[in-house]
1. Of all residues in the stretch 167-188 being open to solvent by 20 Å² or more (accessible area, probe 1.4 Å) and assigned to a loop (DSSP other than H, G, I, E, B), which is nearest to Asp64 (Cα to Cα)?
2. Output the residue which, of all residues in the stretch 189-248 that are within 17 Å of the chain's Cα centre (by Cα) and surrounded by fewer than 17 Cβ atoms within 10 Å (Cβ to Cβ), is farthest from Ser113 (Cα to Cα).
3. When only residues in the stretch 124-133 that are out of contact with any Asp or Glu (no Cβ under 6 Å at 6 or more places or on another chain) and buried (at least 17 other Cβ atoms within 10 Å of the Cβ) count, which is nearest to Glu232 (Cα to Cα)?
4. Note down all Cβ pairs under 6 Å where the first residue falls in the stretch 73-87 and is in contact (Cβ under 8 Å) with a residue 60 or more places away in the chain, the second is in a strand (DSSP E or B), and they're at least six residues apart or on different chains.
5. Going by what's in this entry, would Asp119 be described as open to solvent by 30 Å² or more (accessible area, probe 1.4 Å) and part of a loop (DSSP other than H, G, I, E, B)?
6. Restricting the first residue to the stretch 150-165 and requiring it to be in contact (Cβ under 8 Å) with a residue 60 or more places away in the chain and more than 14 Å from Arg218 (Cβ to Cβ), which pairs with a second residue that is of a type in the set (A, V, I, L, M) and open to solvent by less than 10 Å² (accessible area, probe 1.4 Å) meet a Cβ separation below 7 Å and a spacing of at least six or different chains?
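The values are calculated or read from the model by the stated rules, or taken from the named source; none is laboratory data. Computed from a prediction, not measured in an experiment: that's the story for all the values here. Every residue, glycine as well, gets a Cβ built from its backbone with ideal geometry; the counts of neighbours run over all protein chains shown. What goes into the accessible areas is simple: the full protein's heavy atoms, side chains included, and nothing from ligands, DNA or RNA. Shrake-Rupley method; radii C 1.70, N 1.55, O 1.52, S 1.80 Å.
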Amino acid sequence: MYKKIILLLILTVFILCGCAKAKKEPVANTLDDITKRGNVIIGIKTDTYPFGFKDKNGKYAGYDIDLANLIGESIFNEKGKVKFVPLTASDRMMKLFSEDVDMVIATMSVTPSRLQIMDFSDPYYIAGQSVLVKKGSKIKGLRDLNGKKAIIVFGTSSESSLRAAVPNVRIVGYKTYDEAVKGLKQGKADAIVSDDTILIGLSLKDGNLVLLPKRYSREPYAVAFRKGRESEDLVRVVNGVINESSRNGTLQKLQKNYGIKKY
């Protein structure tokens, strides 16, 4: 009797575990799956003017959003086939891995550590780390942050490069750039360290903030995908859009329109 009960319990656990595992099995988001679905789901940021933001009408806008629309139009041969999912620097990888989105276009720099866990397109923009301070600050460069407090946004590549350049800096982290700016203005730190393109947007929106002129790194932005064979066709299509848009001048025109053209 006891043996039958134990066997029944083991069988029940086995079935439940099997069901749980089945539910967690990843659903491939291949290019074929996306075309059958009828839209492509792209993660974007809304707090990084001029790359991703909401315009005065509450619509998504920016350089990253325009690139996303070009990709959607290339996949479906028509406009209006992109579903946008807002995310932050700190949750963009999680959204990708959990399959909430097919790809991420959100000022994401290609780094050696990220290449180990994600696939990337060819770069569509080259940024550089810089420093944002309040007007009148005595901070004139990265080295002046030695022994001071600097703000980074969680999920960005700023922390590792900042620690390497200024080992004695004290880092304060925030989830969003809006929170980072508020922290800087409230005196919680002496500067914000991030990509120059993002900091330019913050300084343009607030005259009390100053972007220091020097750049301290080379940050190639690229579209991020889940790592694996499922993404191969998607990467190929996106690379085609990026390379063709670069050759025909579309990317350069967009960069000029948003004030981020560097050449």
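1. Quick first cut of the stretch 167-188, residues open to solvent by 20 Å² or more (accessible area, probe 1.4 Å) only: 167-168, 170-176, 178-179, 181-182, 185-188.
Applying the additional criterion that residues be assigned to a loop (DSSP other than H, G, I, E, B) yields 167-168, 175-176, 186-188.
On the way: Pro167: 33, Asn168: 34, Lys175: 20, Thr176: 17, Gln186: 30, Gly187: 31, Lys188: 30 Å.
Within the stretch 167-188, the match that is nearest to Asp64 (Cα to Cα) is Thr176.
2. Among them, the one singled out is Arg218.
3. Taking the stretch 124-133 as the starting set, the residues that turn out to be out of contact with any Asp or Glu (no Cβ under 6 Å at 6 or more places or on another chain) are 124-126, 129, 131-133.
Among the residues that remain, those that are also buried (at least 17 other Cβ atoms within 10 Å of the Cβ) are: 124-125, 129, 131-133.
Numbers: Tyr124: 18, Tyr125: 21, Gln129: 30, Val131: 37, Leu132: 38, Val133: 42 Å.
Here the answer is Tyr124.
4. Final answer for the pair search is Ile75/Val40.
5. Working: open to solvent by 30 Å² or more (accessible area, probe 1.4 Å): yes; part of a loop (DSSP other than H, G, I, E, B): no.
When the stated conditions are applied, Asp119 does not pass them.
6. Listed pairs, sorted by first residue: Val153/Ala89; Val153/Ala180; Phe154/Ala89; Gly155/Ala89; Thr156/Ala89.
Yes or no, residue by residue, for (1) modelled with pLDDT under 95; (2) part of a helix (DSSP H, G or I); (3) open to solvent by 30 Å² or more (accessible area, probe 1.4 Å):
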{"residue": "Gly43", "(1), (2), (3)": "no, no, no"}
{"residue": "Lys56", "(1), (2), (3)": "yes, no, yes"}
{"residue": "Leu67", "(1), (2), (3)": "no, yes, no"}
{"residue": "Ile71", "(1), (2), (3)": "no, yes, no"}
{"residue": "Ser74", "(1), (2), (3)": "no, yes, yes"}
{"residue": "Leu96", "(1), (2), (3)": "no, yes, no"}
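For (1) among the β-branched types (Val, Ile, Thr); (2) part of a loop (DSSP other than H, G, I, E, B), each residue gets a yes or a no:
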| position | (1), (2) |
| --- | --- |
| Ile126 | yes, no |
| Leu132 | no, no |
| Lys138 | no, yes |
| Asp144 | no, no |
| Ile151 | yes, no |
